[in-house]
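Some notes on the structure that comes next.
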């Protein structure tokens, strides 16, 4: 036969009995919870002991669940970080970045090498106006940066290469 639980109201006493240690304690000794008084059934001390015991018994399962969740949601966190970084640095969204990638057919705007969405692909922009020019590979982006986006210096570099080639 099913046990019938007595409903207890605690309007004026502000004290409650812990279901674990069976001591009557003030409300301040209980965490917020879901019984009729709005508190947990166990006092803070018993609840803490219960949680420690539960963790020790189920440590491997808890760690595995946390790892599985982390693995399952890794791509979401990476996309969120990339979106935040793109918005902060270049004032574009991840969707706009992906659109640019598709428009360039996944190739560098200068040398035409294959780009990868996840690494070594740079959003090229004018350092004066901050206008976005396109996506570049690591080498082309570094080359433009080292020449300070200066056309005169780039022309001199071309002359130099032709002379010594």
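Please treat every number below as a calculation from the coordinates, not as lab data. Here the structure is a predicted model, which is why all the values come from computation and not from measurement. In this analysis, Cβ positions are derived from the backbone assuming ideal geometry, glycine residues included, and neighbour counts consider all displayed protein chains.
Assorted remarks:
- Options 57, 74, 51: the member that is more than 15 Å from residue 132 (Cα to Cα) and within 15 Å of the chain's Cα centre (by Cα): 74
- Taking the range 115-140 as the range and being surrounded by fewer than 18 Cβ atoms within 10 Å (Cβ to Cβ) and over 17 Å from residue 82 (Cβ atoms) as the test, the residues that pass are 126, 127, 128, 129, 130, 131, 133, 134, 139.
- As a summary of the residue check, residue 42 satisfies the conditions (1) touching a residue at least 24 places away in the same chain (Cβ under 8 Å); (2) in a helix (DSSP H, G or I) except for the one numbered (2).
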